[in-house]
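Read the structure below first, then the notes.
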Amino acid sequence: MPHFSYRRKSPAARRNRDPILAVLREHLPPRARVLELASGSGEHAAHFTQAMPGWQWQPSDTDSKALASIAAWRGHEQQQGRGANLLAPVELDVTAGWPEKCRGAAFDAMVAINLIHIAPWNVTAALMRRAGEHLAGNGALFLYGPYRRGGRHTAASNEAFDRDLQARNPAWGIRDLESVEAEAAANGLALEAVVAMPANNVSVVFRRAGQVRYSW
């Protein structure tokens, strides 16, 4: 079991975990098999599974230090008598071959928090393809982060953040929600909800076309 010192702690994750949980509770059933992409520190996974014991949560990441942090959070939860529904993390890259544990699986939900703006556009395209392949019949794809609407930033702070992202990597950047929606539609997913969140972020929920209940 990884030493608890491997646990990373993110102030942003602590701030946004409860607002995100509220949206997930609204759009996911009380019992669900969930795949989280780019789980980062693992704090969200630990918090959500503690709050919702009926969610079987599969965390994943591509970074070895993140995977160690997730495993350490899982170990901490187990030591506290919790976390039976928090699975061991797997190394997973949406643009590459998936691990055997996830291959061929049908998930009730896929979750990606703060992923697509800190990744090249091909990651968004691959995420939508994977959602189309791996979501169950009424499955949902949940995304969280900042977006542009109608080609415009929704806040000056987001515009400054976008400049910073592109300075770090020209392939990164805040995406147009309409472009993300089009990519989802090409893979059989329809926009179900756009929920305003703190700090000029939004939660975006997609579901298989024909299964959507609109709520924005």
Exercise for review: Tell me which of these W55 doesn't satisfy, since it passes every other one: (1) buried (at least 17 other Cβ atoms within 10 Å of the Cβ); (2) at pLDDT below 95.
Suggested key: (2)
**Study point:** Pair list, Cβ < 6 Å and 6+ apart or interchain, from the stretch 44-57 residues that are on the phi < 0 side of the Ramachandran plot to residues that are open to solvent by 20 Å² or more (accessible area, probe 1.4 Å) and aromatic (F, W, Y)
**Key:** A46/W73
Check your understanding: Is there a residue in the stretch 161-178 that is touching a helix residue (DSSP H, G or I) at 6+ places or on another chain (Cβ under 8 Å), of a type outside the set (D, E, K, R), surrounded by 15 or more Cβ atoms within 10 Å (Cβ to Cβ) and part of a strand (DSSP E or B)?
Key -> no
Review point. Which pairs have Cβ atoms under 9 Å, sit 6 or more apart or on different chains, and link a residue in the stretch 121-134 that is in a helix (DSSP H, G or I) to one that is among the aromatic types (F, W, Y)?
Key: M128/F206; R130/W98; A131/F107; A131/F206; H134/W98; H134/F107
Practice item. Considering only residues that are aliphatic (A, V, I, L, M), out of contact with any Asp or Glu (no Cβ under 8 Å at 6 or more places or on another chain) and in contact (Cβ under 8 Å) with a residue 24 or more places away in the chain, look in the stretch 136-160 and name the one that is most open to solvent (accessible area, probe 1.4 Å). Key: A155
Review point. Is there a residue being open to solvent by 10 Å² or more (accessible area, probe 1.4 Å), small (G, A, S) and modelled with pLDDT of 95 or more anywhere in the stretch 114-129?
Key: yes
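The values are calculated or read from the model by the stated rules, or taken from the named source; none is laboratory data. What you are looking at is a predicted structure, and each value in this text was computed from that prediction instead of being measured. Reconstructed Cβ throughout: ideal geometry from the backbone, glycine too, with neighbour counts over all protein chains shown. Only protein heavy atoms, including side chains, enter the accessible area calculation; ligands, DNA and RNA are left aside. Shrake-Rupley method; radii C 1.70, N 1.55, O 1.52, S 1.80 Å.
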